[in-house]
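Asks: Here it is, the structure in full.
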């Protein structure tokens, strides 16, 4: 059963709201995927904070009109599932990882703010570390000099204590 006009307007409004806070949109063809696999994909997307939905291409074209993702309209052909997220790497990772195990999911294209990517561009985006990984590396880099300084300061009294202990042991044996 098709959607009536009010339902279509609601879908376009919902997708437009997601696009307003998004940094990336990924489109993948899901032709031939079983329902169980799509459900597993949706669960992974939900865990990663990705808005993942099968939508009519005409409705998505209306939603992206006038947004930085408008260039993606030419790629909207066939049965597509759309991954939308504020994290630029999350949807690419979720869809690429799933496509590795399920050959029926084919990544078609993606778009970032004003930039349209092909499937290889999306795979390259998926190979980047996530935001959390980058923040952890940055924090480790920032902590390294301080930790080394503290270790150096701690080494002076530690060396003194070891020397005194060695002298004590030498006197006890003599």
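The values are calculated or read from the model by the stated rules, or taken from the named source; none is laboratory data. Predicted model only: the values in this text are computed from it and were never measured. Cβ sites come from the backbone with ideal geometry, for glycine too, and all protein chains shown count toward neighbours.
Asks: Quick one: is residue 51 farther than 16 Å from residue 112 by Cβ and either out of contact with any helix residue (DSSP H, G or I) (no Cβ under 6 Å at 6 or more places or on another chain) or in the same structural domain as residue 106 (by TED's automatic domain parsing) (or both)?
Replies: Working: farther than 16 Å from residue 112 by Cβ: no; either out of contact with any helix residue (DSSP H, G or I) (no Cβ under 6 Å at 6 or more places or on another chain) or in the same structural domain as residue 106 (by TED's automatic domain parsing) (or both): yes.
For residue 51, the condition - farther than 16 Å from residue 112 by Cβ and either out of contact with any helix residue (DSSP H, G or I) (no Cβ under 6 Å at 6 or more places or on another chain) or in the same structural domain as residue 106 (by TED's automatic domain parsing) (or both) - is not met.
Asks: If a residue must be without any contact (Cβ under 8 Å) to a residue 60 or more places away in the chain, touching a strand residue (DSSP E or B) at 6+ places or on another chain (Cβ under 7 Å) and part of a helix (DSSP H, G or I), how many such residues does segment 98-122 contain?
Replies: 2
Asks: Taking segment 20-53 on its own, how many of its residues are surrounded by fewer than 22 Cβ atoms within 10 Å (Cβ to Cβ) and in a helix (DSSP H, G or I)?
Replies: So the count comes out to 13.
Asks: Kindly evaluate residue 74 against the criterion of being assigned to a helix (DSSP H, G or I) and touching a strand residue (DSSP E or B) at 6+ places or on another chain (Cβ under 7 Å). Before you say what the answer is, go through the steps one by one.
Replies: Values: assigned to a helix (DSSP H, G or I): yes; touching a strand residue (DSSP E or B) at 6+ places or on another chain (Cβ under 7 Å): no.
No.
Asks: Report, by residue number, each residue of segment 58-71 that is surrounded by 22 or more Cβ atoms within 10 Å (Cβ to Cβ) and either out of contact with any strand residue (DSSP E or B) (no Cβ under 8 Å at 6 or more places or on another chain) or part of a loop (DSSP other than H, G, I, E, B) (or both).
Replies: Those that are surrounded by 22 or more Cβ atoms within 10 Å (Cβ to Cβ) and either out of contact with any strand residue (DSSP E or B) (no Cβ under 8 Å at 6 or more places or on another chain) or part of a loop (DSSP other than H, G, I, E, B) (or both): 63, 69.
Asks: When you check residue 95 against the structure, is it assigned to a helix (DSSP H, G or I) and touching a strand residue (DSSP E or B) at 6+ places or on another chain (Cβ under 6 Å), yes or no?
Replies: yes
Asks: Give me the residue from segment 30-66 that is touching a residue at least 60 places away in the same chain (Cβ under 8 Å) and closer than 15 Å to residue 80 by Cβ and, out of that set, nearest to the chain's Cα centre (by Cα).
Replies: First, the residues of segment 30-66 that are touching a residue at least 60 places away in the same chain (Cβ under 8 Å): 30-33, 37, 41.
Pick out the ones that are also closer than 15 Å to residue 80 by Cβ and you get 30-33, 41.
Working: 30: 20, 31: 24, 32: 25, 33: 22, 41: 14 Å.
Among those that are touching a residue at least 60 places away in the same chain (Cβ under 8 Å) and closer than 15 Å to residue 80 by Cβ, it is 41.
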